[in-house]
1. Cross-link candidates for K404: which aspartates and glutamates have Cα within less than 15 Å, leaving aside residues fewer than 8 places away along the same chain?
2. Label region 80-170 by shape, choosing from rounded, prolate and oblate, from the square roots a ≥ b ≥ c of the eigenvalues of the Cα gyration tensor; if a/c is under 1.5 it is rounded, and otherwise prolate applies when a/b is larger than b/c, oblate when it is not.
3. Identify all aspartates and glutamates with a Cα-Cα distance to K396 below 13 Å; exclude those on the same chain that are fewer than 8 residues away in sequence.
4. Run the helix sum for the chain: -39,500 (n - 2.57) per DSSP H stretch of 4+ residues, divided by residue count, reported at 222 nm to the nearest 500 deg cm²/dmol.
5. Just the number please: accessible area per residue for region 371-436, 1.4 Å probe, all protein chains included, in Å².
6. With every protein chain kept in the model, how would you rank H309, H247 by accessible area, 1.4 Å probe, largest at the top?
7. If you count only protein heavy atoms with a 1.4 Å probe, what accessible area per residue comes out for region 97-233, rounded to a whole Å²?
8. State the antiparallel share, in %, of DSSP beta bridges confined to the chain, rounding to the nearest 5.
Amino acid sequence: SCNDMIFSSIWLILFSPLSIRPEKMIKFSWKEAIMDYGFFVCAIEDLENSRNPFSEPEGYNIENISSNEKEVIENGYKKPDIILILNETFYNLDFYTEINANKEYLREFYKVDNAIRGYAAVSLSGGGTNNSEFELLTSNSMYLLNNDAPFNYMDMSKSNNNVVQYFKTLGYRTWGYHGADENNYSRKRAYPELGFDESMLGWDASEYSFYGNRPRLDADDYNYIIEQYEKMGSIPKFMYCLTYQNHGGYEQNDLIDDTIVTLNDYGELTDDINEYLTSISLSSKAFEELIEYYLSCERPVIVCMVGDHAPSFTNQLNCELNDEEKELYSRLVPYIIWSNYNVTFPEYTEYVSLTDLIPMVLKTANLPLTPYYEKILEVQSLIPIRTSYGKYYNEKLEEVYIEKGSVEEHELEQYYYMEYNSLKAGDELKTELFMP
(Lines give C-alpha, C1' and ligand atoms only; values in the text may rest on other atoms or scores of the structure.)
Protein backbone atom coordinates (compact mmCIF):
# COMPACT_ATOMS: atom_id res chain seq x y z
CA SER A 1 0.00 0.00 0.00
CA CYS A 2 0.97 3.66 -0.32
CA ASN A 3 1.23 4.05 3.46
CA ASP A 4 3.52 1.02 3.71
CA MET A 5 5.76 2.45 0.99
CA ILE A 6 5.95 5.80 2.78
CA PHE A 7 6.78 4.15 6.11
CA SER A 8 9.42 1.94 4.46
CA SER A 9 11.01 4.93 2.77
CA ILE A 10 11.18 6.87 6.04
CA TRP A 11 12.63 3.85 7.81
CA LEU A 12 15.33 3.44 5.14
CA ILE A 13 16.25 7.12 5.32
CA LEU A 14 16.60 7.01 9.09
CA PHE A 15 18.17 3.61 9.60
CA SER A 16 20.11 2.76 6.47
CA PRO A 17 23.94 2.68 6.62
CA LEU A 18 23.96 5.96 4.68
CA SER A 19 21.67 7.74 7.16
CA ILE A 20 22.92 11.08 8.45
CA ARG A 21 20.83 10.83 11.63
CA PRO A 22 22.75 10.61 14.92
CA GLU A 23 23.63 7.05 15.87
CA LYS A 24 21.71 7.20 19.15
CA MET A 25 19.12 9.92 19.54
CA ILE A 26 17.15 9.03 22.66
CA LYS A 27 19.88 9.02 25.27
CA PHE A 28 18.81 10.88 28.38
CA SER A 29 15.11 11.63 28.04
CA TRP A 30 12.35 11.74 25.46
CA LYS A 31 11.82 15.44 26.19
CA GLU A 32 15.37 16.34 25.25
CA ALA A 33 15.41 14.18 22.11
CA ILE A 34 12.08 15.52 20.84
CA MET A 35 13.32 19.10 21.19
CA ASP A 36 16.30 18.27 18.96
CA TYR A 37 14.84 15.87 16.39
CA GLY A 38 11.04 16.10 16.56
CA PHE A 39 8.40 13.67 17.76
CA PHE A 40 8.04 11.69 14.53
CA VAL A 41 11.74 10.88 14.17
CA CYS A 42 11.95 9.92 17.84
CA ALA A 43 8.88 7.70 17.52
CA ILE A 44 10.54 5.80 14.66
CA GLU A 45 13.72 5.52 16.73
CA ASP A 46 11.78 4.16 19.69
CA LEU A 47 10.00 1.64 17.48
CA GLU A 48 13.31 0.39 16.11
CA ASN A 49 14.77 0.14 19.63
CA SER A 50 11.74 -1.88 20.71
CA ARG A 51 12.10 -4.21 17.73
CA ASN A 52 15.83 -4.73 18.02
CA PRO A 53 17.10 -3.59 21.45
CA PHE A 54 20.00 -6.02 21.80
CA SER A 55 22.37 -8.17 19.78
CA GLU A 56 22.49 -11.94 19.78
CA PRO A 57 25.98 -13.23 20.65
CA GLU A 58 27.63 -15.29 17.95
CA GLY A 59 26.96 -19.00 18.45
CA TYR A 60 24.06 -18.48 20.87
CA ASN A 61 22.00 -21.59 21.45
CA ILE A 62 19.94 -22.16 24.55
CA GLU A 63 21.23 -25.73 24.68
CA ASN A 64 24.81 -24.42 24.93
CA ILE A 65 24.22 -22.65 28.25
CA SER A 66 25.74 -24.57 31.12
CA SER A 67 25.81 -23.83 34.83
CA ASN A 68 27.05 -25.39 38.02
CA GLU A 69 24.01 -26.84 39.77
CA LYS A 70 24.16 -27.04 43.54
CA GLU A 71 21.73 -27.49 46.36
CA VAL A 72 20.86 -24.31 48.25
CA ILE A 73 20.39 -24.76 51.99
CA GLU A 74 17.72 -22.23 52.92
CA ASN A 75 18.69 -21.82 56.58
CA GLY A 76 22.43 -21.70 56.02
CA TYR A 77 22.81 -17.92 55.83
CA LYS A 78 21.92 -14.67 57.55
CA LYS A 79 19.86 -11.98 55.84
CA PRO A 80 21.75 -8.71 56.34
CA ASP A 81 20.21 -5.46 55.23
CA ILE A 82 21.72 -4.27 51.94
CA ILE A 83 22.01 -0.56 51.12
CA LEU A 84 23.00 0.09 47.49
CA ILE A 85 23.93 3.62 46.41
CA LEU A 86 24.62 4.75 42.85
CA ASN A 87 26.25 8.12 43.41
CA GLU A 88 25.75 10.68 40.65
CA THR A 89 29.06 11.68 39.01
CA PHE A 90 31.17 10.41 41.91
CA TYR A 91 34.64 10.20 40.39
CA ASN A 92 38.24 10.60 41.53
CA LEU A 93 39.83 13.13 39.17
CA ASP A 94 43.28 12.18 40.51
CA PHE A 95 42.84 8.85 38.78
CA TYR A 96 42.70 10.60 35.41
CA THR A 97 45.06 13.52 35.95
CA GLU A 98 46.97 14.99 38.88
CA ILE A 99 44.78 17.48 40.75
CA ASN A 100 46.54 19.67 43.28
CA ALA A 101 43.91 20.99 45.68
CA ASN A 102 43.99 22.92 48.93
CA LYS A 103 42.34 19.97 50.77
CA GLU A 104 41.82 16.23 50.36
CA TYR A 105 38.42 16.12 48.74
CA LEU A 106 37.65 12.39 49.22
CA ARG A 107 39.35 11.90 52.58
CA GLU A 108 36.32 10.48 54.43
CA PHE A 109 35.52 8.02 51.64
CA TYR A 110 39.02 6.53 51.74
CA LYS A 111 39.33 6.35 55.53
CA VAL A 112 36.24 4.15 56.14
CA ASP A 113 37.31 0.89 57.83
CA ASN A 114 36.07 -2.70 57.44
CA ALA A 115 35.60 -2.27 53.72
CA ILE A 116 36.96 -3.19 50.34
CA ARG A 117 37.22 -0.52 47.67
CA GLY A 118 38.55 -0.04 44.18
CA TYR A 119 37.38 1.11 40.75
CA ALA A 120 34.52 -0.19 38.62
CA ALA A 121 34.37 0.18 34.85
CA VAL A 122 31.13 1.77 33.62
CA SER A 123 29.89 1.79 30.04
CA LEU A 124 30.13 5.52 29.26
CA SER A 125 32.25 8.49 30.28
CA GLY A 126 30.78 11.84 31.21
CA GLY A 127 27.14 10.72 31.17
CA GLY A 128 24.83 7.77 30.81
CA THR A 129 23.47 7.32 34.33
CA ASN A 130 20.79 4.93 33.12
CA ASN A 131 23.37 2.64 31.53
CA SER A 132 25.03 2.36 34.93
CA GLU A 133 21.69 1.76 36.65
CA PHE A 134 20.96 -1.03 34.20
CA GLU A 135 24.34 -2.71 34.62
CA LEU A 136 24.31 -2.37 38.39
CA LEU A 137 20.77 -3.65 39.00
CA THR A 138 20.75 -6.45 36.40
CA SER A 139 24.46 -7.39 36.16
CA ASN A 140 23.85 -7.34 32.39
CA SER A 141 26.54 -5.71 30.27
CA MET A 142 25.66 -2.87 27.92
CA TYR A 143 27.92 -4.67 25.44
CA LEU A 144 24.91 -6.58 24.02
CA LEU A 145 22.60 -3.56 23.88
CA ASN A 146 22.27 -1.55 20.70
CA ASN A 147 21.27 1.74 22.33
CA ASP A 148 21.88 3.71 25.51
CA ALA A 149 19.25 4.43 28.19
CA PRO A 150 17.64 0.95 28.29
CA PHE A 151 14.85 2.02 30.67
CA ASN A 152 13.50 4.21 27.86
CA TYR A 153 12.77 1.32 25.51
CA MET A 154 12.87 -1.95 27.46
CA ASP A 155 10.11 -3.53 29.51
CA MET A 156 12.04 -4.38 32.67
CA SER A 157 9.29 -6.71 33.90
CA LYS A 158 9.85 -9.26 31.13
CA SER A 159 12.81 -10.85 32.91
CA ASN A 160 13.34 -11.62 36.58
CA ASN A 161 17.07 -11.15 36.12
CA ASN A 162 17.66 -8.26 38.47
CA VAL A 163 18.76 -7.78 42.05
CA VAL A 164 15.36 -6.49 43.17
CA GLN A 165 13.64 -9.74 42.20
CA TYR A 166 16.51 -11.69 43.73
CA PHE A 167 15.99 -10.10 47.14
CA LYS A 168 12.20 -10.43 46.94
CA THR A 169 12.69 -14.16 46.39
CA LEU A 170 14.64 -14.27 49.66
CA GLY A 171 11.86 -12.47 51.55
CA TYR A 172 13.37 -8.97 51.59
CA ARG A 173 11.42 -5.72 51.54
CA THR A 174 12.66 -3.78 48.49
CA TRP A 175 12.77 0.00 48.19
CA GLY A 176 13.99 2.21 45.34
CA TYR A 177 14.53 5.96 45.52
CA HIS A 178 15.63 8.87 43.33
CA GLY A 179 14.84 12.39 44.49
CA ALA A 180 14.91 14.13 41.10
CA ASP A 181 12.83 14.03 37.90
CA GLU A 182 10.79 10.81 37.97
CA ASN A 183 10.21 10.87 34.21
CA ASN A 184 13.89 11.07 33.33
CA TYR A 185 14.96 7.72 31.85
CA SER A 186 11.36 6.52 32.33
CA ARG A 187 12.07 5.62 35.97
CA LYS A 188 8.43 6.14 36.95
CA ARG A 189 7.63 3.10 34.81
CA ALA A 190 10.88 1.14 35.10
CA TYR A 191 11.26 1.02 38.90
CA PRO A 192 7.92 -0.76 39.45
CA GLU A 193 8.74 -3.04 36.51
CA LEU A 194 11.99 -4.00 38.24
CA GLY A 195 9.85 -5.11 41.16
CA PHE A 196 10.49 -2.57 43.93
CA ASP A 197 7.85 -2.87 46.64
CA GLU A 198 8.10 0.90 47.02
CA SER A 199 9.34 3.40 44.44
CA MET A 200 9.95 6.85 45.91
CA LEU A 201 10.60 9.22 42.99
CA GLY A 202 10.56 12.92 42.19
CA TRP A 203 11.56 16.23 43.71
CA ASP A 204 8.65 15.97 46.14
CA ALA A 205 9.68 12.53 47.41
CA SER A 206 11.49 14.01 50.41
CA GLU A 207 12.81 17.27 51.84
CA TYR A 208 16.09 18.62 50.51
CA SER A 209 18.58 21.42 51.01
CA PHE A 210 21.15 23.28 48.90
CA TYR A 211 24.89 23.73 48.58
CA GLY A 212 24.88 27.19 47.05
CA ASN A 213 22.45 26.78 44.16
CA ARG A 214 22.95 23.02 43.93
CA PRO A 215 19.88 21.12 45.21
CA ARG A 216 19.26 17.67 46.70
CA LEU A 217 22.41 16.95 48.69
CA ASP A 218 23.63 13.43 49.40
CA ALA A 219 23.14 14.18 53.08
CA ASP A 220 19.43 14.77 52.36
CA ASP A 221 19.15 11.45 50.57
CA TYR A 222 20.96 9.57 53.30
CA ASN A 223 18.79 11.12 56.01
CA TYR A 224 15.75 9.95 54.06
CA ILE A 225 17.23 6.45 53.74
CA ILE A 226 17.70 6.34 57.51
CA GLU A 227 14.15 7.62 58.10
CA GLN A 228 12.65 4.94 55.84
CA TYR A 229 15.02 2.28 57.18
CA GLU A 230 13.78 2.84 60.72
CA LYS A 231 10.15 2.69 59.60
CA MET A 232 10.66 -0.77 58.07
CA GLY A 233 11.59 -2.33 61.40
CA SER A 234 13.34 -5.69 61.67
CA ILE A 235 12.36 -7.20 58.30
CA PRO A 236 15.37 -7.76 55.96
CA LYS A 237 15.68 -4.77 53.66
CA PHE A 238 17.18 -4.04 50.25
CA MET A 239 17.33 -0.28 49.71
CA TYR A 240 18.54 1.34 46.48
CA CYS A 241 19.27 5.06 46.15
CA LEU A 242 20.36 7.04 43.11
CA THR A 243 21.72 10.41 44.28
CA TYR A 244 21.60 13.75 42.47
CA GLN A 245 23.90 16.26 44.20
CA ASN A 246 26.94 16.01 41.89
CA HIS A 247 25.01 16.30 38.64
CA GLY A 248 26.45 18.73 36.06
CA GLY A 249 26.80 21.52 35.15
CA TYR A 250 29.41 22.97 37.42
CA GLU A 251 28.83 26.70 37.02
CA GLN A 252 25.81 26.95 39.29
CA ASN A 253 27.49 28.51 42.31
CA ASP A 254 29.35 31.69 43.18
CA LEU A 255 33.09 31.33 43.74
CA ILE A 256 32.64 32.03 47.44
CA ASP A 257 30.74 28.74 47.78
CA ASP A 258 33.77 26.66 46.79
CA THR A 259 35.62 25.29 49.83
CA ILE A 260 37.86 23.00 47.77
CA VAL A 261 39.94 24.73 45.10
CA THR A 262 42.56 23.50 42.68
CA LEU A 263 45.99 25.09 42.95
CA ASN A 264 46.57 24.67 39.21
CA ASP A 265 45.23 26.87 36.44
CA TYR A 266 42.83 25.00 34.16
CA GLY A 267 41.72 28.09 32.29
CA GLU A 268 37.95 28.26 31.76
CA LEU A 269 37.57 24.87 33.50
CA THR A 270 39.05 26.04 36.80
CA ASP A 271 35.75 27.24 38.26
CA ASP A 272 33.97 24.05 37.13
CA ILE A 273 36.62 21.91 38.79
CA ASN A 274 36.43 23.87 42.05
CA GLU A 275 32.66 23.50 42.22
CA TYR A 276 32.90 19.82 41.36
CA LEU A 277 35.60 19.10 43.94
CA THR A 278 33.62 20.90 46.62
CA SER A 279 30.50 18.94 45.72
CA ILE A 280 32.09 15.51 45.87
CA SER A 281 33.85 16.43 49.10
CA LEU A 282 30.35 16.90 50.54
CA SER A 283 29.48 13.46 49.15
CA SER A 284 32.47 11.97 50.91
CA LYS A 285 31.50 13.55 54.23
CA ALA A 286 27.85 12.51 53.89
CA PHE A 287 28.89 8.92 53.21
CA GLU A 288 31.01 8.86 56.36
CA GLU A 289 28.02 10.08 58.39
CA LEU A 290 25.80 7.38 56.86
CA ILE A 291 28.36 4.75 57.86
CA GLU A 292 28.48 6.16 61.40
CA TYR A 293 24.71 5.66 61.66
CA TYR A 294 24.85 2.03 60.52
CA LEU A 295 27.73 1.32 62.90
CA SER A 296 25.24 1.80 65.73
CA CYS A 297 22.57 -0.49 64.24
CA GLU A 298 21.90 -3.90 65.79
CA ARG A 299 20.92 -5.56 62.53
CA PRO A 300 23.74 -6.68 60.20
CA VAL A 301 24.14 -4.18 57.37
CA ILE A 302 26.21 -4.05 54.19
CA VAL A 303 26.53 -0.78 52.29
CA CYS A 304 27.78 -0.61 48.70
CA MET A 305 28.36 2.71 46.97
CA VAL A 306 29.67 3.33 43.45
CA GLY A 307 29.81 6.30 41.08
CA ASP A 308 27.79 6.25 37.87
CA HIS A 309 30.25 8.06 35.57
CA ALA A 310 32.93 10.75 35.39
CA PRO A 311 32.07 14.45 34.98
CA SER A 312 31.57 15.59 31.40
CA PHE A 313 34.64 17.85 31.44
CA THR A 314 37.09 15.01 32.15
CA ASN A 315 38.15 14.59 28.53
CA GLN A 316 39.03 18.31 28.35
CA LEU A 317 41.67 17.99 31.06
CA ASN A 318 45.34 17.77 30.16
CA CYS A 319 46.82 14.46 31.21
CA GLU A 320 49.68 12.15 30.31
CA LEU A 321 47.47 9.26 29.21
CA ASN A 322 47.36 7.99 25.64
CA ASP A 323 44.04 7.79 23.80
CA GLU A 324 43.35 4.17 24.78
CA GLU A 325 44.13 4.90 28.44
CA LYS A 326 41.87 7.96 28.37
CA GLU A 327 39.07 5.82 26.95
CA LEU A 328 39.42 3.37 29.84
CA TYR A 329 40.43 5.59 32.77
CA SER A 330 37.56 8.01 32.18
CA ARG A 331 35.22 5.05 32.81
CA LEU A 332 36.74 3.87 36.11
CA VAL A 333 34.67 5.13 39.05
CA PRO A 334 35.28 4.49 42.77
CA TYR A 335 33.33 1.78 44.59
CA ILE A 336 33.22 0.60 48.19
CA ILE A 337 31.63 -2.36 49.99
CA TRP A 338 31.37 -1.87 53.77
CA SER A 339 29.90 -3.92 56.60
CA ASN A 340 28.96 -3.15 60.22
CA TYR A 341 29.73 -6.74 61.30
CA ASN A 342 32.53 -9.22 60.83
CA VAL A 343 32.47 -10.56 57.31
CA THR A 344 35.05 -12.27 55.19
CA PHE A 345 35.57 -10.07 52.17
CA PRO A 346 36.34 -12.25 49.15
CA GLU A 347 39.54 -11.39 47.34
CA TYR A 348 39.02 -9.27 44.25
CA THR A 349 41.26 -7.20 42.07
CA GLU A 350 41.26 -3.45 42.58
CA TYR A 351 39.53 -3.08 39.22
CA VAL A 352 36.20 -4.70 38.41
CA SER A 353 33.30 -4.23 36.02
CA LEU A 354 30.13 -2.56 37.27
CA THR A 355 28.24 -5.77 36.53
CA ASP A 356 30.36 -7.53 39.19
CA LEU A 357 29.33 -5.44 42.18
CA ILE A 358 26.08 -7.17 43.12
CA PRO A 359 27.62 -10.67 42.97
CA MET A 360 30.49 -9.32 45.09
CA VAL A 361 28.04 -7.90 47.65
CA LEU A 362 26.11 -11.17 47.82
CA LYS A 363 29.33 -13.13 48.23
CA THR A 364 30.38 -10.79 51.04
CA ALA A 365 26.96 -11.25 52.68
CA ASN A 366 27.25 -15.04 52.32
CA LEU A 367 23.91 -15.10 50.50
CA PRO A 368 23.17 -17.82 47.93
CA LEU A 369 24.51 -17.06 44.47
CA THR A 370 22.50 -17.77 41.35
CA PRO A 371 24.27 -19.58 38.50
CA TYR A 372 24.38 -16.24 36.66
CA TYR A 373 26.06 -14.46 39.56
CA GLU A 374 28.49 -17.36 39.97
CA LYS A 375 29.37 -17.12 36.29
CA ILE A 376 30.04 -13.40 36.61
CA LEU A 377 32.49 -13.99 39.47
CA GLU A 378 34.22 -16.72 37.46
CA VAL A 379 34.63 -14.32 34.53
CA GLN A 380 35.72 -11.54 36.89
CA SER A 381 38.56 -13.69 38.23
CA LEU A 382 39.83 -14.17 34.66
CA ILE A 383 39.02 -10.81 33.08
CA PRO A 384 38.30 -8.09 35.67
CA ILE A 385 37.33 -5.39 33.17
CA ARG A 386 34.96 -6.09 30.29
CA THR A 387 34.10 -2.87 28.49
CA SER A 388 30.92 -2.02 26.61
CA TYR A 389 33.06 -1.31 23.53
CA GLY A 390 34.53 -4.82 23.33
CA LYS A 391 37.97 -4.45 24.94
CA TYR A 392 39.15 -6.42 27.96
CA TYR A 393 41.71 -5.63 30.67
CA ASN A 394 43.43 -7.52 33.49
CA GLU A 395 44.07 -6.49 37.10
CA LYS A 396 47.04 -4.36 35.97
CA LEU A 397 44.91 -2.46 33.43
CA GLU A 398 46.73 -4.24 30.61
CA GLU A 399 44.65 -5.15 27.58
CA VAL A 400 43.73 -8.83 27.35
CA TYR A 401 43.33 -10.46 23.94
CA ILE A 402 40.84 -13.33 24.00
CA GLU A 403 42.30 -16.33 22.18
CA LYS A 404 40.16 -18.82 20.29
CA GLY A 405 39.54 -21.95 22.33
CA SER A 406 40.81 -20.39 25.57
CA VAL A 407 39.14 -20.66 28.97
CA GLU A 408 38.56 -16.91 28.85
CA GLU A 409 36.68 -17.19 25.56
CA HIS A 410 34.50 -20.03 26.87
CA GLU A 411 33.60 -18.24 30.11
CA LEU A 412 32.83 -14.98 28.30
CA GLU A 413 30.61 -16.84 25.84
CA GLN A 414 28.70 -18.48 28.67
CA TYR A 415 28.20 -15.13 30.40
CA TYR A 416 26.92 -13.43 27.25
CA TYR A 417 24.71 -16.43 26.41
CA MET A 418 23.13 -16.20 29.86
CA GLU A 419 22.66 -12.46 29.53
CA TYR A 420 21.07 -12.77 26.11
CA ASN A 421 18.74 -15.46 27.42
CA SER A 422 17.54 -13.10 30.15
CA LEU A 423 17.18 -10.19 27.69
CA LYS A 424 15.32 -12.27 25.14
CA ALA A 425 13.06 -13.63 27.91
CA GLY A 426 9.75 -15.12 26.76
CA ASP A 427 9.29 -18.88 26.62
CA GLU A 428 13.03 -19.54 26.39
CA LEU A 429 13.89 -17.81 29.67
CA LYS A 430 15.86 -20.20 31.88
CA THR A 431 14.61 -18.82 35.19
CA GLU A 432 16.78 -21.24 37.17
CA LEU A 433 19.88 -19.32 36.02
CA PHE A 434 18.78 -16.07 37.60
CA MET A 435 16.89 -16.86 40.81
CA PRO A 436 18.29 -18.29 44.09
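1. E58, E413
2. oblate
3. E325, E350
4. Here the helix-only value at 222 nm equals -10500 deg cm²/dmol.
5. 44
6. Greatest to least solvent exposure: H247, H309.
7. Per residue, region 97-233 has 36 Å² of solvent-accessible surface.
8. 45
The values are calculated or read from the model by the stated rules, or taken from the named source; none is laboratory data. Everything numeric in this text was worked out from a predicted model, so none of it was measured. We place every Cβ from the backbone using ideal geometry, glycine too, and count neighbours over all the protein chains shown. Side chains included, ligands, DNA and RNA excluded: accessible areas come from the protein's heavy atoms. Shrake-Rupley method; radii C 1.70, N 1.55, O 1.52, S 1.80 Å.
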